[in-house]
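A quick write-up on the structure given underneath.
What follows draws every value from the coordinates through simple rules; no lab data is involved. On a predicted model such as this, the values are computed, not experimentally measured, just so you know. Cβ coordinates were reconstructed from backbone atoms using ideal geometry, including for glycine residues, and neighbour counts include every protein chain displayed.
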Amino acid sequence: MTTLIVLAVIAAWLYQHRTKTPTTGAGASAKARARALRTPAVRIADAFNIPTQRGQEAGRYAVAAEAEKRTADRIDPLRREGWTILHDLALPTGRANVDHLAISPTGVVIMPDTKCWSARYRIHTRGGRLFHGDHDVTDRLRGLRHEASTVSRGLGVPVIPLVVMEGAPIEGGELHFDGIRIIPADRAPAVLRSIGNTRTSRDAQALARLATSTFPPYTRKNR
């Protein structure tokens, strides 16, 4: 048993340190956070089916990373239609990240934010609050408003926040809650096209260049 534990420690350490270069792209920062939380001790505990707080947190980040990647797979084909699609961006200050940023050919800026909540509970509103089952999740949208406001200031144009919901069913098919539209993940491309069709006087290519320079990949900025 001692030999097995020693081998597990060595294997976990080698896995943890096999590369120093973080990746970029959809879900990259969540994936990096999950990996950082899975220390050798956590990996050993996982190997012996021993639950740990860090292990559970790492699992949540890993799920989030996969959900963001699925959203990216859905909306990336819009690039062939002239859209600029960016993923996992860093804000100028703080530790928050932007899951996705979409700029339509007409210059409409949309900020899809992937949420992956349990399919066991329905998303609905009650008494002016947002609920996931019986859990009040209203405050979980606070960060999205802050991120949209920050991106809007950085680009000098309005930014439309959009929740792309993985897993949890949405009452009525979609919701408009306190200025934020919440949609099922499989409808993301169609909704982006619908919102992005609005005509503006903005230069979409200039906005894309500004977004790329102002909001770098999160893992590149925070390496």
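Some values worked out for this structure:
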item: Antiparallel bridges, percent of DSSP beta bridges restricted to the chain (to nearest 5); result: 60
item: Order of 68, 81 under a 10 Å beta carbon neighbour criterion, fewest first; result: 81, 68
item: Relative contact order for the stretch 2-221, counting Cα pairs under 8 Å that sit 6 or more residues apart, in percent; result: 22
item: Summed residue charge, Cβ within 10 Å of residue 87's Cβ, Lys/Arg positive, Asp/Glu negative; result: -3
item: Dipole magnitude of the stretch 2-221 about its Cα centre (Cβ charges: Lys, Arg +1; Asp, Glu -1), debye to nearest 20; result: 480
item: HN-Hα J in Hz across the stretch 205-218 - Karplus 6.51, -1.76, 1.60, θ = phi - 60°, x for Gly and Pro; result: 5, 5, 4, 5, 5, 5, 4, 5, 7, 7, 10, x, x, 4
item: Candidate values (i) 8, 29, 32, 20, 9, 2, 0; (ii) 8, 36, 37, 15, 3, 0; (iii) 7, 24, 29, 16, 8, 6, 5, 3, 1, 0, label of the one derived for P(r) over Cα pairs in 10 Å bins from 0, in percent; result: (i)
item: Euclidean distance of C-alpha centroids, the stretch 22-50 and the stretch 54-92, integer Å; result: 17
item: Kirkwood hydrodynamic radius over Cα pairs of the stretch 32-162, then Stokes diffusion coefficient at 37 °C and 0.692 mPa s, in µm²/s; result: 193
item: In order through the stretch 61-71: 3J(HN,Hα) via Karplus (6.51 cos²θ - 1.76 cosθ + 1.60), integer Hz, x for Gly, Pro; result: 5, 5, 4, 4, 4, 5, 5, 5, 5, 5, 4
item: Loop-located trypsin sites (Lys or Arg not before Pro) in the stretch 180-209 whose Cβ has at most 16 other Cβ within 10 Å (DSSP); result: 199
